[in-house]
Amino acid sequence: MMGAGRPQTSPALALPGYAKWLLVLVMAAAANLFILSLSIDVFSMSRGYYDQEFEKLNTVEVTGLSKAELGGVSDMIIGYLKGQEASFQYTIEREGRQVELFNEREQTHMVDVQDLFFLNGRIRMIALAAFALAAFVSVQLAGDRQSVHKGMMGAGLLGAVAAGGLLILINIDFTKYFTLFHEIFFDNDLWLLNPETDLLIVILQEQFFVDIAVRIFGLYIGLNAAVAAIGWGLSQRMKRVGRTRQA
């Protein structure tokens, strides 16, 4: 006769070591992509950031637009990147007539930019799904919570290395690598705007993008560090519980 004891549980899926580490890598990479995607949207969609930069860069004086008009342009840009605006255009009144600020070249370029932001959103959802699937396999099928903790800690390590390297490149020569980014992600030269004819590049000066890049990677590092700290804390707690049960 079997004595009373702990309830019987279904045997866990026996995964080889390489499979467990593959799941850890998937979770680390997926968490990284999710955090990077989120960090990009946080500042790119922030009206407060636009207002702060326009104040810092004296954009009112540079463009001749009022603070209220620049605020309207900011709202239009953010709405367009979210897919809430049908077209990339903002109209102001000058001397009793309506003036459209952006020409066809700028509008066509922003169609490409909008596509990148839509892609960024899809990547975020795919990354979240990949992390959830790998975590499900690790915890529910293999009974291995520590792999999830390792994946979270791995995200912090990958984030520190990636963001650190990119921040170094930004400080060395932002213009060079900003140009390389455009050459990689755009299959045309519409991003080569002329400040004499294209207002968009006057409103969004290069320093605007330098500052947003620093903020994005700062948030990216911070969130990855937080995820890694949570993973480490959960791992240590699990180890303490395991030692208590063995005592």
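The values are calculated or read from the model by the stated rules, or taken from the named source; none is laboratory data. As the structure is a prediction and not an experimental result, all values here were calculated from the model. FYI the Cβ positions are ideal-geometry reconstructions off the backbone, even for glycines, and counts take in every protein chain you see. Please note that ligands, DNA and RNA were not included when accessible areas were found on the heavy atoms of the full protein model with its side chains. Shrake-Rupley method; radii C 1.70, N 1.55, O 1.52, S 1.80 Å.
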Output for the stretch 190-208, where each listed residue is open to solvent by 50 Å² or more (accessible area, probe 1.4 Å) and closer than 19 Å to T108 by Cβ: L192, N194, P195, E196, T197, I201
message: Condition first: over 19 Å from the mean Cα position of the chain (by Cα), surrounded by fewer than 16 Cβ atoms within 10 Å (Cβ to Cβ) and assigned to a helix (DSSP H, G or I). Can you find one or more residues in the stretch 181-189 that meet it?
response: yes
message: Suppose the filter is modelled with pLDDT of 95 or more and in contact with a helix residue (DSSP H, G or I) (Cβ under 7 Å, 6 or more places away or on another chain); does M76 pass it?
response: no
Single unsatisfied condition, K20 versus (1) at pLDDT below 95; (2) of a type in the set (D, E, K, R); (3) crowded, with 18+ Cβ neighbours inside 10 Å: (3)
- prompt: If you take the residues of the stretch 134-161 that are without any contact (Cβ under 8 Å) to a residue 24 or more places away in the chain and open to solvent by 40 Å² or more (accessible area, probe 1.4 Å), which of them is nearest to L13 (Cα to Cα)?
  reply: Q140
query: Which pairs do you get when a residue that is on the phi < 0 side of the Ramachandran plot and of a type in the set (K, R), found in the stretch 1-30, comes within reach of a residue that is at pLDDT 75 or above and not in a helix (DSSP H, G or I), reach meaning Cβ atoms under 7 angstrom, with the pair 6+ apart or on two chains?
result: K20/D144
- request: Quickly run through the stretch 74-113 and pick out the residues that are within 16 Å of D189 (Cα to Cα) and polar (S, T, N, Q).
  value: N103, Q107, T108
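Looking at the stretch 193-203, can you tell me whether even one residue there is of a type in the set (A, V, I, L, M, F, W, C), free of Cβ contacts under 8 Å to residues at least 24 places away in the same chain and closer than 18 Å to I78 by Cα? Before you say what the answer is, go through the steps one by one.
Of the stretch 193-203, the ones of a type in the set (A, V, I, L, M, F, W, C) are 193, 199-203.
Restricting the remaining residues to those that are free of Cβ contacts under 8 Å to residues at least 24 places away in the same chain gives 201.
Of the ones still in play, those that are also closer than 18 Å to I78 by Cα are 201.
Yes.
Listed residues D173, D144; which is modelled with pLDDT under 90, farther than 29 Å from G83 by Cβ, of a type in the set (D, E) and in contact with a Ser or Thr (Cβ under 9 Å, 6 or more places away or on another chain)? Steps first, please.
On the way: D173 fails: in contact with a Ser or Thr (Cβ under 9 Å, 6 or more places away or on another chain).
Just a single option satisfies the conditions, and that option is D144.
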- request: Could you grab me the full set of residues in the stretch 101-126 that are over 21 Å from the mean Cα position of the chain (by Cα), surrounded by 12 or more Cβ atoms within 10 Å (Cβ to Cβ) and without any contact (Cβ under 8 Å) to a residue 24 or more places away in the chain?
  value: Q107
field: Flag for V42 being open to solvent by less than 50 Å² (accessible area, probe 1.4 Å) and either within 29 Å of A155 (Cα to Cα) or within 16 Å of the chain's Cα centre (by Cα) (or both)
entry: no
